[in-house]
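Undergrad: What follows is a single structure, and I will ask about it in a moment.
The values are calculated or read from the model by the stated rules, or taken from the named source; none is laboratory data. Computed from a prediction, not measured in an experiment: that's the story for all the values here. Every residue, glycine as well, gets a Cβ built from its backbone with ideal geometry; the counts of neighbours run over all protein chains shown.
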Amino acid sequence: MFKLENRVKEYLQFLAQKGFILGEDAVGFITFGQHYTAATDEIVNVAIEITLKAQKEFDGSFFISLLEMLKENQIQNRKQAYQFVKERNIMS
């Protein structure tokens, strides 16, 4: 079984403190997505953030698709990720 990386765990704890508590199914998608795409903690965290902002809740399919797009387009940081979703009208 895959494990979440420390920075992703810390980000999920931060979200929980803000009232965004993600269930086991969401954590499973996040863990799977990070290992499936070999995404960095920074990209996983920004993908979680964008998913929550775009969908108003955690949508595992959206999250995985977003991670795949970020990886395919060689997005390496938060700024690039937000530019990418803006250019593609992924988030209003």
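Undergrad: Among the numbered criteria (1) in contact (Cβ under 8 Å) with a residue 12 or more places away in the chain; (2) surrounded by fewer than 18 Cβ atoms within 10 Å (Cβ to Cβ); (3) not in a loop (DSSP other than H, G, I, E, B), which single criterion is violated by LYS86?
TA: The number of the failed condition is (1).
A quick yes/no check of all residues on (1) within 16 Å of MET91 (Cα to Cα); (2) modelled with pLDDT under 95; (3) not acidic (Asp, Glu):
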site	(1), (2), (3)
LYS3	no, yes, yes
GLY19	no, yes, yes
GLY33	no, no, yes
THR37	no, no, yes
ILE64	yes, no, yes
ASN73	no, no, yes
ASN77	no, no, yes
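Undergrad: Right, here's the next one. Pairs under 6 Å by beta carbon, first residue within 17 Å of LYS53 (Cβ to Cβ) in the range 19-34, partner part of a loop (DSSP other than H, G, I, E, B), six or more apart or different chains?
TA: LEU22/PHE58; ALA26/PHE58
Undergrad: Quickly run through the range 46-83 and pick out the residues that are touching a residue at least 12 places away in the same chain (Cβ under 8 Å), within 18 Å of TYR36 (Cα to Cα), among the charged types (D, E, K, R) and surrounded by fewer than 16 Cβ atoms within 10 Å (Cβ to Cβ).
TA: GLU68
Undergrad: Which residue is nearest to LEU70 (Cα to Cα), if the candidates are limited to the range 23-43 and must be among the hydrophobic types (A, V, I, L, M, F, W, C), out of contact with any Lys or Arg (no Cβ under 8 Å at 6 or more places or on another chain) and crowded, with 17+ Cβ neighbours inside 10 Å? Give the steps one after another, and end with the answer.
TA: Initial filter on the range 23-43 (among the hydrophobic types (A, V, I, L, M, F, W, C)): 26-27, 29-30, 32, 38-39, 43.
Of the ones still in play, those that are also out of contact with any Lys or Arg (no Cβ under 8 Å at 6 or more places or on another chain) are 26-27, 29-30, 32.
Pick out the ones that are also crowded, with 17+ Cβ neighbours inside 10 Å and you get 26, 29-30.
On the way: ALA26: 19, PHE29: 16, ILE30: 14 Å.
Top of the filtered list is ILE30.
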